Every structure is written in structure tokens, then in C-alpha cells.
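No lab work stands behind these numbers, since they all come straight from the coordinates. Please read these numbers as outputs of a predicted model, since none were measured by experiment. A quick note on method: Cβ atoms are made from the backbone with ideal geometry, for glycine too, and the neighbour counts reach across all protein chains shown.
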Amino acid sequence: MISGFLESTGIYVLIHPKADELSASGQTMSDFHKGVGRVIMILVSFLIFWLAIKKGFEPLLLLPIGFGGLLANIPIADMADPNGFLGVIYQAGLANELFPLIIFVGVGAMTDFGPLLSNPKNCTSRRCCSPFSIHGYF
């Protein structure tokens, strides 16, 4: 019963890696990358989570990075395969350059208009005119 549980959760695969496992780019993976390397990357993902949540270091940036690192290194899930969850997200947003566009618009929407609204005559500086350039681009 316990061995069946371990085999179904992926812990067994970390200890006894599959011989024919391929990376997301289609190359064969070494035993280090299939076992210890994944454990190290999962621990790094949890460190990134801790930095984002507990310490408050750029949570808008670090939480998605940690979540992607965790998903890509779960053993049996095959999330990073071309037909997996991350592969579909890559094809839907990064291959056609949709996500960089959305991020650019999001950064523009979070831009502080306070200096411009408090003193409109002082719009000659780059700091005040940058919101207009971001929103005017679209």
C-alpha cells in the first residue's frame, strides 16, 4: 500500500528515475537532472515563495516565477512537455508574443500619475511623460 502511494505521487520517480525520460526540448535527461536536480529546483522554488510571501520581496514577480519552477519540476506531471500545461501556456502567450504585450500594458497601468497631476507644468521630465508614452503606444 505504501509503495503504491509513493509510486503514484512521484516520490518513487525522484529516487528511481525513468530511463527514457526526455526534457522539454526533447533531449535525454541525465539521472542528476531527473532526481537530485529536480529536488534542488523545488527547494529553490520554495525559497522564492518564502522571499515573496514572508519577506515581501517583489511578490508580483517572484510568485509566478516560483510557481512556474515548481510546476516544471513535478516528476510525473509532465507539465513542461509541449502538450503539458506550461507548454500550452507557452504556445498561447509567449510564442505569439501576447504575454509581453500584456505585461507592458500592466506596467503602464500601474504607473504613478501623481507627479503629473500635482504639477502639470513640469511635464518636461521623462518621469512625468513616461505614462503618456506607454498608454499612447497602444
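For region 70-78, check the following and say yes or no: at least one residue is closer than 24 Å to residue 10 by Cα, among the polar types (S, T, N, Q) and touching a Gly at 6+ places or on another chain (Cβ under 6 Å). Can you show your working first?
Going through region 70-78, the residues closer than 24 Å to residue 10 by Cα turn out to be 70-78.
So of that shortlist, the ones also among the polar types (S, T, N, Q) come out as 73.
Now restrict to residues that are touching a Gly at 6+ places or on another chain (Cβ under 6 Å): none.
Scanning region 70-78 turns up no residue that is closer than 24 Å to residue 10 by Cα, among the polar types (S, T, N, Q) and touching a Gly at 6+ places or on another chain (Cβ under 6 Å).
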* To do: Being over 24 Å from residue 81 (Cβ atoms), touching a helix residue (DSSP H, G or I) at 6+ places or on another chain (Cβ under 8 Å) and among the charged types (D, E, K, R) is the filter here, so list the residues in region 14-65 that pass it.
  => 58
* **Of all residues in region 1-60 being of a type in the set (D, E, K, R) and part of a helix (DSSP H, G or I), the one that is farthest from the chain's Cα centre (by Cα)** => 7
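Residue by residue, here is whether (1) in contact (Cβ under 8 Å) with a residue 12 or more places away in the chain; (2) farther than 27 Å from residue 110 by Cα; (3) hydrophobic (A, V, I, L, M, F, W, C) holds:
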residue: 27; (1), (2), (3): no, yes, no
residue: 31; (1), (2), (3): yes, yes, no
residue: 40; (1), (2), (3): no, yes, yes
residue: 56; (1), (2), (3): no, no, no
residue: 69; (1), (2), (3): yes, no, no
residue: 81; (1), (2), (3): yes, yes, no
residue: 89; (1), (2), (3): no, no, yes
residue: 92; (1), (2), (3): no, no, yes
residue: 97; (1), (2), (3): no, no, no
* **Unmet criterion (only one of (1) under 14 Å from the mean Cα position of the chain (by Cα); (2) in contact (Cβ under 8 Å) with a residue 40 or more places away in the chain) for residue 76** => (1)
* Asked: How do the pairs read when you match residues in region 1-18 that are within 20 Å of residue 29 (Cα to Cα) and free of Cβ contacts under 8 Å to residues at least 12 places away in the same chain with residues anywhere that are surrounded by 13 or more Cβ atoms within 10 Å (Cβ to Cβ) and of a type outside the set (Gly, Ala, Ser), using Cβ under 7 Å and keeping only pairs 6 or more apart or on different chains?
  -> 12/6
